[in-house]
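What follows is a short report on a single structure.
Read-outs throughout are calculated quantities, based only on the coordinates presented, and are distinct from any laboratory measurement. Note that the coordinates shown come from a computational prediction; the quantities given were computed from them, not determined experimentally. A quick note on method: Cβ atoms are made from the backbone with ideal geometry, for glycine too, and the neighbour counts reach across all protein chains shown.
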Amino acid sequence: MSDEAPGRRPNVLFIITDQQRADHVGFAGNEIVQTPNLDALAARGTVFDSAWVANPVCMPNRSTIMTGRMPTAHGVIFNDRSLDWGANTFVRQFLAAGWRTALIGKSHLQHGLSRNAVVPIGSSGAFDDPWPPGWNTLEDHESFADGPPDFPPSFYGFEHVELSIDHGSRITGHHLQWALDRGGVYEQLVVPMTDEAPAKRRSDRWWQVYEPPYGPELHSTTFVAEQTSAFIEEAAAGGSPWLVMASFPDPHHPMTPPKRMVRPPRPGRHTALAVDCRRPGHGARLPPSVSSAHRRQAAGWSRHVRDRSRAHASASPPPAEKLDRDDRRRGRPHRRPSIGWARPTTRSWCSPPTMAT
C-alpha cells in the first residue's frame, strides 16, 4: 500500500451492523424489512451470498474480522476476554501506510460491555500480562462517567475512536457526552437494562421492544452516521486517504428505535407475518444458501415442536419427589409444584410483538 501514489490510494468505508441476519435486507428477498440504502449498495456492488462467519458470537467474530485469523488463533473464543493488545490487525497496516483511521460506534474488541457474562474464577492467568495497566478497560462504560478517557495513539490501529458502547436506549461511551451536548437528559440516557428502562411505549409481549424517551436525534444510528461523516470531511480536507469503520450497534436487542425511525408496514403485511412468517413464495428471491438454511430450520423446528408435543401429550406428571431431587441437584430452592402439569402453548413462535399504546 505504501508504494502507491497518493492520488491512487483508495478510501475505505467499512459499514457493519450488529446482530443482523443475512436475509434481513431487502436485496436478499426480505419483504418485511426495508433497507433501501443497503439495497442500493448491493445493486452497484458485489454480494457474497455464501459467506460464513468464523464464529456466531460477537467478540470472536469481530476479532476475526480485524485480524484475519480464526478464534483459536487470535484467542478470543467467547465474550469473556479482550483481543490481545499486541494483535496485528488490518487497520494497523493501513495506519502504517499513511491512512487516517477511525472507529465510530460499537467496538467490542474488549470485553467491557460483556465482562459480566461469565463468573470470574478469582485466580491469576497462565502467564503474565505484558501490556500497560488498564489497556483492556478502555471499553468499560464506567471510564466515561466524568467524560471520555484518554485513548492511546493507536487502538488496534484506529487513531481516532468514538464509541457507542451499549444497546437499546442506554447510551454510554463517547456517545453519552455527544448526546448530553445536544440536550439529552442523563436519566433518560443512562438507564437500566431491564423493564424499568423509561419508555414512551413498550411491547406487551417482551420488555425489550420499546420506544425510547428521546428522539432519533440522540439515537446511536444518528451518532454513528454524523460522526463518521465529520471524520471523513476532516480527513478529506487534509488530503489524506482514510479508512473508517462505521459500526452501528443496532439492530441488536433491545429493539428501541425512536418513533420517526420506524416505517409503518404496508396494509396486510404485518398480519401476514403474524399468521405465517414462512408463507409460500417468501424465500423465492433469497440466495440459494439462505433458502436452504431456511428449509433446514423450518424442518428442524417442525420436528422439534411435534416431538415435544407428543412427549407432553403422553407423559404423566413426574412425582413430586423427583421434582424435589432435580431441584436440589440443579441448586434450586426446594419447592413442590402448586399447579398441574403444564402443556405447551400453541402461539406461533414467529408472531411479532405488538406495541402497547
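Observations on the model:
- Sparse-neighbour loop sites [chymotrypsin sites (Phe, Trp or Tyr not before Pro); segment 101-179; at most 10 other C-beta within 10 Å; DSSP]: F127
- The protection proxy used here, the mean number of other Cβ atoms lying within 10 Å of each residue, ranks peptides 100-110, 15-25 as follows, highest first: 100-110, 15-25.
- Segments 211-219, 37-45 sorted - mean Cβ within 10 Å per residue, highest first: 211-219, 37-45
- Principal axes of segment 88-217: Cα extent on each, largest first, Å: 48, 40, 28
- Calculated FRET efficiency for the pair F151/E217, C-beta based, R₀ 30 Å, to 0.05: 0.70
- Site pair R201 and E234 shows an inter-label distance of 3.8 nm when each label is modelled 7 Å from Cα along Cα→Cβ.
- Taken about its Cα centre, segment 5-51 carries a charge dipole of about 400 debye when Lys and Arg each add +1 at the Cβ and Asp and Glu each add -1 at the Cβ.
- Cβ-based exposure ranking for F231, F78, in which fewest neighbours within 10 Å come first: F78, F231
- Computing FRET efficiency as 1/(1 + (r/R0)^6) for E159 and R260, where r is the C-beta to C-beta distance and R0 is 30 Å, gives about 0.30.
- F127/A40 FRET efficiency (R0 56 Å; Cβ-Cβ; nearest 0.05): 0.70
- Distance between modelled label sites at A225 and T137, nm, 7 Å Cα→Cβ extension: 3.6
- Separation between Cα centres of segment 177-212 and segment 6-79, rounded to whole Å: 28
- Each Cα pair under 8 Å and six or more residues apart adds its separation to the average, and for segment 161-206 the resulting relative contact order is 29 percent.
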